[in-house]
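S.K.: If you scroll down you'll find the structure; I have some questions about it.
No value in this document is a laboratory result; all are computed from the given coordinates. Just so we're clear, the structure is a prediction, and the values are computed from it rather than from any experiment. In this analysis, Cβ positions are derived from the backbone assuming ideal geometry, glycine residues included, and neighbour counts consider all displayed protein chains.
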Amino acid sequence: MRLSEADSQALAGAPPAPTYLEDGTTVMSWLNTRDHKRVGVMFLASVIFFFLIGGVFALLLRIKLLQPGPFFVDAISYNRMFTLHGVVMIFLFLIPAIPSAFGNFVLPLMIGARDVAFPRLNLGSFYLYVLGAAIAIWGMIHGGADTGWTFYTPYSSTTPTQVLPILLGAFILGFSSILTGLNFIVTVHTLRAPGLSWMRMPLFVWSTYATSIIQILATPVLGITLLIVSVERVAGFGLFDPARGGDPVLFQHMFWFYSHPAVYIMVLPAMGVISECVCAFSRKNPFGYKAIAYSSIGIAFVGFFTWGHHLFVAGQSTFDAGAFGILSMFVGVFTAIKVFNWVGTMYRGAISFRTPFAYICGFLYFIVFGGMTGVALATTSLDIHWHDTYFVVAHFHFIMVGASVMAFLAGLHYWFPKMFGRTYPEGWGLVAASLIILGFNATFIPQFLLGNFGMPRRYYQYPEHFQALNVASTAGATLLGFGFVIIFIYLVIALKYGSRSVPNPWGSKGFEWMTASPPPTHNFDEIPTITQMPHDYRTHEPPGVIRVA
Amino acid sequence: MSHEAEPLGLPEGILAHHFSSLDRQNEAMRLGMWLFLATEILLFAGLFTGYAVYRFQFPLAFAECSRHLNIAAGTVNTVVLITSSFTVALAIHFARSDKPRAAAICLVLTLLFALGFLGIKAVEYTEHFHEHALPGKYYAFEEVKIPGAAMFYSLYFLMTGLHGVHVVAGMSVLSYILWRTLQGRYSSKYYTGLELGGLYWHLVDLVWIFLYPLLYLI
């Protein structure tokens with residue numbers, strides 16, 4: 001790739017400071033690091049590992065569903081597998097994926113800081129993640145749980161399977177998530193570089209900030225809920241047990257008070273990644289910067305008042321259901337504002353159709369579809385028909401896989417040169433992206449249809465006339481799986497053999513490209529002074545900064 | 001790296017490399033602590049919600065069970081905890097006026113009060129065990145036999161138990177701070193660590209101030 005003028009300047013001006021990858025190469029230097037970039041890379045490796053495990057569970061489920069009757073696994077194993085698929089994908093992959101991996105790596109770079117506010121706490125958050133994951137995996141090996149990832153009482157407090165270690169694991173993972181969120185909020189408040197006002201903050205920082213608010217305010221409620229269920233299992237306290245005067249619906253309220261905002265923990269950072277990539281690959285200033293920034297906060301805020309839409313058929317009053325339904329639709333409004341602005345950013349931009357841009361296209365299509373079905377599901381009357389069917393499964397996979405995983409992959413490709421100083425093979429990237437987007441549609445569009453015809457989720461057997469659509473879905477999942485395997489292979493090869501990247505291969509004006517790629521341990525030789533908006537493509541200055549002489 | 005704003009005479013290793021000044025670092029530490037306290041409040045909020053729901057459902061049983069708690073012990077414990085909050089505040093005051101020895105004495109007093117609190121709580125728990133006033137399925141208290149009584153004791157043990165865990169956590173924090181005080185880390189130039197430990201202890205105290213009327217004074 002030809003060096004741009006800014007790149008050559010950066011190369012010529014940069015002293016040969018060791019990059020964060022070269023600064024200590026022993027295992028201990030990684031395990032004992034305080035460097036946010038190394039913590040981010042360790043998170044990235046872990047979440048990808050768990051994504052593969054969760055993906056294998058998903059494929060096994062789809063193989064069983066090829067046949068309407070008993071096939072491949074027995075019913076109890078099937079129940080365990082969908083539980084583990086949910087637990088692994090949500091607590092071990094989606095929640096930490098973008099904030100803890102990419103957020104840790106690029107957030108301090110984007111705001112011109114040398115590290116996050118509490119580097120030791122940051123490492124502690126990683127070890128809590130490892131501990132929580134280890135306990136949960138231990139539980140899975142010793143039998144696993146069959147409650148679904150939602151742990152609904154009183155089944156979860158009475159089933160003989162290993163629910164306890166998984167509850168405990170999720171409890172600890174929650175604290176990892178809280179500490180990361182706390183660290184980011186304090187970092188954004190106290191460590192912004194001179195000149196970086198709130199209205200100049202990169203949009204990824206805005207959305208990560210909004211995510212952190214949810215992580216801090218919602219996760220403790222999940223913590224106490226899981227703790228009560230654990231105590232109930234061990235000591236029969238009966239808080240959620242109707243036989244002892246307890247109320248299982250109270251569990252649902254408390255669980256969804258966390259778990260619905262948790263959806264925005266998964267999707268808000270994804271929106272941040274897309275905001276960055278849309279600008280970089282359209283070479284255009286963000287259209288409606290303030291609208292995108294404030295709508296992140298809007299989603300975080302309104303997300304706290306929507307949990308009741310999970311309880312439409314759980315004996316909630318009609319008034320409550322209506323109120324929660326309307327509040328839930330506000331999320332659609334804020335999301336639509338973002339989609340409008342992303343498309344507005346692309347309009348008349350100089351689009352370069354690289355792999356991240358392919359994922360942006362997939363993301364936009366999936367979030368519009370997933371979002372619109374979400375608004376439909378928030379309508380009480382429709383939800384009563386679709387409740388607990390494959391329609392819901394397809395809807396939330398459109399958001400969680402369609403939106404969040406597409407954004408994760410966009411970010412992975414966009415920041416791969418930033419993190420490792422190597423380039424990935426563009427051709428293979430586009431092949432894999434096409435496979436994934438096609439495979440995804442083939443997997444989940446049949447599920448929308450199945451749900452509408454009335455096939456309930458989580459059932460081991462189904463009537464024979466549903467078989468054709470189930471086979472189509474499994475075929476799609478296989479394509480999807482191939483796509484991920486291709487990405488995994490070429491990225492691992494690129495880590496070692498990829499050609500060396502220039503410091504800013506995309507010519508991006510995002511602030512994280514102010515420093516070298518991969519960055520030196522202390523990020524900046526001198527803390528930059530920010531004089532521009534992020535992604536300001538009207539000038540030919542290097543991103544964000546005019547260094548003060 | 002230069003730290004122009006670094007005050008003279010500060011012990012080694014207080015100002016981290018990535019902060020431009022001590023003021024900025026203190027601001028970050030305080031904000032971090034307040035956010036952490038918010039998460040603690042939300043952790044307890046789950047139990048308070050449960051309490052609200054079941055008290056609304058079983059008002060008679062809750063009132064009746066509350067009357068069988070040891071109100072003297074609860075009241076003494078409230079006084080003990082409030083006093084310990086005062087001694088922590090004094091410790092911060094003394095550290096700020098460069099009297100580390102007095103600060104250390106106040107911290108020791110706080111720890112003793114905390115132990116006293118746990119002792120009284122242990123006596124109460126023992127009484128409950130003897131009376132079989134136990135949570136959920138173990139409930140066999142002879143004196144209150146209306147539905148909802150077991151639920152009261154479930155909540156009572158969960159709430160005071162979780163609070164007790166926080167007392168122990170607070171004591172560990174205060175012990176660490178006591179050790180740091182004896183090392184001479186805190187002075188008028190820097191006392192944020194001590195201040196944050198104090199904040200945490202105030203939270204432990206504050207939670208009890210809500211638990212006491214809700215459980216003992218219905």
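S.K.: Where the only charges are on Cβ atoms (+1 Lys, Arg; -1 Asp, Glu), what is the dipole of segment A:33-514 about its Cα centre, to the nearest 20 debye?
M.R.: Details: 25 positive and 14 negative charges, 338 e Å.
That gives a dipole near 1620 debye.
S.K.: Keeping to pairs on different chains or 8 or more places apart, tell me how many lysine pairs in chain A have Cα atoms under 14 Å apart.
M.R.: Taking chain A as the scope, the lysine pair count is 4.
S.K.: What FRET efficiency would be calculated for the residue pair A:PHE453, A:PHE49, taking the C-beta separation as r and a Förster radius of 35 Å, to the nearest 0.05?
M.R.: In this case the efficiency is close to 0.45.
S.K.: Given axes a ≥ b ≥ c from the Cα gyration tensor, I'd like to know whether the protein assembly as shown is rounded (a/c under 1.5), prolate (a/b larger than b/c) or oblate.
M.R.: In terms of gyration-tensor shape, oblate.
S.K.: Separate question: Report, as a whole number in µm² per second, the diffusion coefficient that Stokes-Einstein gives for segment A:363-455 at 25 °C and 0.890 mPa s using the Kirkwood radius over alpha carbon pairs. Before the final figure, lay out each step's value.
M.R.: Details: Rh = 14.5 Å.
Result for D is 170 µm²/s.
S.K.: With a point put 7 Å past each Cα toward its Cβ, work out how far B:ALA63 is from B:ASP23 in nm, to one decimal.
M.R.: With each label point 7 Å from Cα toward Cβ, the separation is 5.7 nm.
S.K.: Continuing with this model, one more query. Give, in nm to one decimal, the length gained when the segment between A:ARG348 and A:SER197 is fully stretched (0.36 nm per residue of separation minus the Cα-Cα distance).
M.R.: 51.5 nm
S.K.: Work out the charge dipole of chain A with +1 on the Cβ of Lys and Arg and -1 on the Cβ of Asp and Glu about the Cα centre, then indicate which of A:GLY439, A:LEU173, A:GLY132 is farthest towards its positive end.
M.R.: Comparing the listed Cα positions along the dipole, A:GLY439 ranks first.
S.K.: Could you work out how far apart the two model spin labels at A:GLU541 and A:HIS142 are, taking each label as a point 7 Å from the Cα in the direction of the beta carbon, and quote it in nm?
M.R.: Distance between the two pseudo-spin positions: 6.0 nm.
S.K.: Compute the distance from the alpha-carbon center of segment B:66-128 to that of segment A:183-242, in whole Å.
M.R.: If you average the Cα positions of each part, the centres end up 31 Å apart.
S.K.: Could you work out the local net charge near A:THR423, counting Lys and Arg as +1, Asp and Glu as -1, over the other residues with Cβ closer than 12 Å to its Cβ?
M.R.: With Lys, Arg at +1 and Asp, Glu at -1, the neighbours total +3.
S.K.: Moving on to the next point. Helix A:406-420: angle to the longest alpha-carbon principal axis of chain A, degrees 0 to 90, nearest 10?
M.R.: That helix lies at roughly 40 degrees to the long axis.
S.K.: Further question on the same structure: Would you calculate the separation in nanometres between label points at B:VAL168 and B:ILE71, each defined as 7 Å from the Cα along the Cα-to-beta-carbon direction?
M.R.: About 3.1 nm, to one decimal.
S.K.: Another one. If you put +1 on each Lys and Arg Cβ and -1 on each Asp and Glu Cβ, how big is the dipole of chain B around its Cα centre, in Debye rounded to 20? Working shown, then result.
M.R.: On the way: 13 positive and 15 negative charges, 24 e Å.
It comes to approximately 120 debye.
S.K.: Going by average Cβ neighbours within 10 Å, how do the peptides A:66-74, A:482-490, A:358-366 rank, with the highest at the top? Intermediate values should be presented prior to the final figure.
M.R.: On the way: A:66-74: 13.3, A:482-490: 16.9, A:358-366: 23.1.
So the order, starting with the most tightly packed, is A:358-366, A:482-490, A:66-74.
S.K.: Using the alpha-carbon atoms, what tilt in degrees (0 to 90, nearest 10) does helix B:100-131 show relative to the longest principal axis of chain B?
M.R.: It is inclined by approximately 10 degrees.
S.K.: Moving on to the next point. A:LEU438 to A:ASP525: extension gain in nm, 0.36 nm per residue of separation minus the Cα-Cα distance?
M.R.: Working it through step by step, the gained length comes to 26.8 nm.
S.K.: Continuing with this model, one more query. Can you return the aspartates and glutamates within cross-link range of B:LYS137? Criterion is Cα-Cα under 15 Å, with same-chain partners fewer than 8 residues away left out.
M.R.: A:GLU232, A:ASP241
S.K.: Going by amide H atoms built from the backbone, whose H comes under 5 Å of the H on A:ARG422, apart from near neighbours?
M.R.: A:SER501
S.K.: Once each part is reduced to its C-alpha centroid, what is the distance from segment A:487-549 to segment B:130-146 in angstrom?
M.R.: A separation of 66 Å, based on Cα centres.
S.K.: Measure nothing fancy, just the Cα-based angle from helix B:192-216's long axis to the longest principal axis of chain B, in degrees from 0 to 90, nearest 10.
M.R.: Rounded to the nearest ten degrees, it is 10.
S.K.: Considering the dipole of segment B:22-216 built from charges on the beta carbon (Lys and Arg +1, Asp and Glu -1) around the Cα centre, which of B:GLN25, B:THR83, B:LEU206 is farthest to its positive end?
M.R.: Ranked along the dipole, the leading option is B:GLN25.
S.K.: Further, regarding this structure: Can you work out ³J(HN,Hα) from phi for every residue in segment A:231-244, in order, using Karplus 6.51 cos²θ - 1.76 cosθ + 1.60 and θ = phi - 60°, giving whole Hz and x for Gly and Pro?
M.R.: Those phi angles translate into 4, 4, 5, 7, 10, x, 5, x, 4, 10, 9, x, 5, 10 Hz.
S.K.: How high is the FRET efficiency between B:ILE41 and A:ARG283 when r is their beta carbon distance and R₀ equals 51 Å, given to the nearest 0.05?
M.R.: 0.65
S.K.: Another question about this same structure. Excluding B:THR192 itself, calculate the net charge of residues whose Cβ lies under 12 Å from the Cβ of B:THR192, where each Lys or Arg counts +1 and each Asp or Glu counts -1.
M.R.: +3
S.K.: Aspartates and glutamates near B:LYS145 by alpha-carbon distance under 12 Å, same-chain residues fewer than 8 away left out - which ones?
M.R.: B:GLU64
S.K.: Determine which residues of segment B:31-48 fall in the zone a paramagnetic label at B:PHE210 would reach in this model, i.e. backbone nitrogen under 11 Å from the point 7 Å along Cα→Cβ.
M.R.: Flagged as within label range: B:38-48.
S.K.: Now a separate question. Within 15 Å, Cβ to Cβ, of A:PHE444, how many net charges do the neighbouring residues add up to if Lys/Arg are +1 and Asp/Glu are -1?
M.R.: Taking every Cβ under 15 Å from that of A:PHE444, the sum is +2.
S.K.: Same structure, new question: May I ask you to evaluate 6.51 cos²θ - 1.76 cosθ + 1.60, the Karplus curve with θ = phi - 60°, for each residue of segment A:519-536 and list the ³J(HN,Hα) values in order in whole Hz, giving x for glycine and proline?
M.R.: Each residue's phi maps through the Karplus curve to give x, x, 3, 8, 6, 10, 5, 9, 4, x, 10, 8, 10, 9, 6, x, 6, 8 Hz.
S.K.: Considering the zone a paramagnetic label at A:SER499 would reach in this model (a point 7 Å from Cα along the Cα-to-Cβ line), which residues of segment A:405-441 have amide N under 14 Å from it?
M.R.: A:422-428
S.K.: Related question: Using θ = phi - 60° and the Karplus relation 6.51 cos²θ - 1.76 cosθ + 1.60, list the HN-Hα couplings for segment A:87-92 in order, rounded to whole Hz, with x at every Gly or Pro.
M.R.: 4, 5, 5, 7, 7, 9
S.K.: Hey, another quick one. Is there a simple number for the mean count of other chain Cβ atoms within 10 Å of the Cβ of residues in A:221-227, and what is it?
M.R.: Average per residue, whole number: 5.
S.K.: In deg cm²/dmol and to the nearest 500, what is the mean residue ellipticity at 222 nm of the protein assembly as shown if only DSSP H runs of at least 4 residues count, each as -39500 (n - 2.57), divided by the residue total?
M.R.: -22500 deg cm²/dmol
S.K.: Right, something else. Straight-line reach from B:LYS189: which lysines have a Cα under 21 Å away, not including same-chain ones fewer than 8 places off?
M.R.: Result set, ordered by chain and number: B:LYS99.
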